[in-house]
Each structure stands twice: as C-alpha cells, then as structure tokens.
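S.K.: Structure in structure tokens, see below.
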Ligand code: IDP
Ligand code: MG
C-alpha cells in the first residue's frame, strides 16, 4: 500500500441538506485527511467536461443537470490506499445496494442524488484533482 490522493465531491443533495461536516467526519474517522477543499457551483458544461467518460450513457444529461443544480464541495483526500478506501467508505453507486455504514447507505436519496463522488483509479484521480485544484492549492 502507498499514500495516495483521490478527488472527492460532496454533491448538491449533500450540501443542500447541510451534511458537509457529517460526511467529512466519515472520511476523517476512516483515516483519510482532507488536504484541499472548496465549495463551488459548476455550470452544466463544466459538469459535462468532468463526467465526459459517461457522455454516451443514457443518464449523462440528468447527471450533468443534477451536478450543476447547486453548490458542491470538491476536496482532495489523502491516505493509505485512498482511492479504494474512499470507494469503500462511499458505498455502491445505487444506495439500494450500498453496504451498511457507508455514506451512500446512510445519506443518499437516490442513484442520481447519491451524495458523493470518488475517483475510481489512479489515472482518474490525477485528472480529477487537476480539474478542480491548481498546484498552488495542493500543499505537499
Ligand atoms: P460512481 O459515482 O459510483 O463512480 P458512475 O458509474 O461513475 O458511479 O456514475 C457516475 C454517477 O452517475 C453516479 O454517481 C450516479 O449519480 C450517476 N449514475 C450512474 N448510473 C446511473 C443510472 O443508472 N441512473 C441514473 N444515474 C446514474
Ligand atoms: Mg465513477
């Protein structure tokens, strides 16, 4: 195992319900450190760029609409095996399938409004971190 960084997003359904602190506490309790964080609202086009890997999927338009519908919190989480560790803490994409104790099981509203995003590979983490954060915002 190695120390990694991963890109996390608290989605509009989470910020709308004022869950930033409760979700962040899950990351910290699991040993992940929030090393960069900012709150912003994406345009539909920016959400489309971020999720371009899904551009051919039937849910893409709704996904971009949802992700630009309100403020999000973009953050970089750091820790041992952080990419897979965060995916475990998040739980399955569809909250109906998410394991007990995961963020999506406890907080997600639906498969669209599923509260959190997390990078799924080292390549995705690198691309997604640089999408939101400049080198000046990333303390070593
Ligand atoms: P992930 O967020 O667990 O990595 P992805 O497959 O990368 O899941 O999909 C990105 C996002 O698109 C999901 O978090 C979810 O909000 C949405 N999504 C995925 N599959 C569906 C679907 O079948 N219907 C509606 N929305 C979906
Ligand atoms: Mg994904």
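S.K.: For region 83-106, which residues satisfy the criterion of being crowded, with 23+ Cβ neighbours inside 10 Å and either part of a loop (DSSP other than H, G, I, E, B) or away from ligand 2 (no atom under 15 Å from the Cβ) (or both)?
M.R.: If the condition is that a residue be crowded, with 23+ Cβ neighbours inside 10 Å and either part of a loop (DSSP other than H, G, I, E, B) or away from ligand 2 (no atom under 15 Å from the Cβ) (or both), then 91 is the only one that fits.
S.K.: What's the number of the only condition in (1) within 16 Å of ligand 1 (Cβ to nearest atom); (2) over 12 Å from residue 5 (Cα atoms); (3) part of a loop (DSSP other than H, G, I, E, B) that residue 117 fails to meet?
M.R.: The single condition residue 117 does not satisfy is (3).
S.K.: Could you grab me the full set of residues in region 24-43 that are more than 25 Å from residue 135 (Cα to Cα) and assigned to a helix (DSSP H, G or I)? Quick ask: steps written out before the conclusion?
M.R.: To start, the set of residues in region 24-43 that are more than 25 Å from residue 135 (Cα to Cα) comprises 25-26, 29-30.
Those that are more than 25 Å from residue 135 (Cα to Cα) and assigned to a helix (DSSP H, G or I): 25, 26, 29.
S.K.: Then there's this: Quick one: what pairs do we get from region 78-97, first residue farther than 23 Å from residue 109 by Cα, second part of a helix (DSSP H, G or I) and more than 9 Å from ligand 1 (Cβ to nearest atom), C-beta under 7 Å, 6+ apart or different chains?
M.R.: So the pair list comes out as 79/85; 83/122; 83/125.
S.K.: Scan region 58-71 and give yes if some residue there is over 15 Å from the mean Cα position of the chain (by Cα), within 13 Å of ligand 2 (Cβ to nearest atom), in a helix (DSSP H, G or I) and surrounded by 13 or more Cβ atoms within 10 Å (Cβ to Cβ), otherwise no.
M.R.: Looking only at region 58-71, we keep the residues that are over 15 Å from the mean Cα position of the chain (by Cα), and these are 58-62, 65, 69.
Adding the requirement that they be within 13 Å of ligand 2 (Cβ to nearest atom) leaves 59-60.
Keeping just the survivors that are in a helix (DSSP H, G or I) gives 60.
Next, from what is left, pick out any that are surrounded by 13 or more Cβ atoms within 10 Å (Cβ to Cβ): 60.
Within region 58-71 (the criterion being over 15 Å from the mean Cα position of the chain (by Cα), within 13 Å of ligand 2 (Cβ to nearest atom), in a helix (DSSP H, G or I) and surrounded by 13 or more Cβ atoms within 10 Å (Cβ to Cβ)), the answer is yes, since at least one residue qualifies.
S.K.: Pairs needed: first member in region 108-121, closer than 16 Å to residue 75 by Cβ; second member anywhere, part of a loop (DSSP other than H, G, I, E, B) and more than 11 Å from ligand 2 (Cβ to nearest atom); C-beta distance under 6 Å; at least 6 residues apart or different chains.
M.R.: 115/11; 115/108
Bear in mind that the values in this text are calculations on the coordinates, not laboratory data. These numbers were taken from a predicted model, which means no experiment stands behind them. Glycine also receives a Cβ, built like all others from the backbone with ideal geometry; neighbour counts cover every protein chain displayed.
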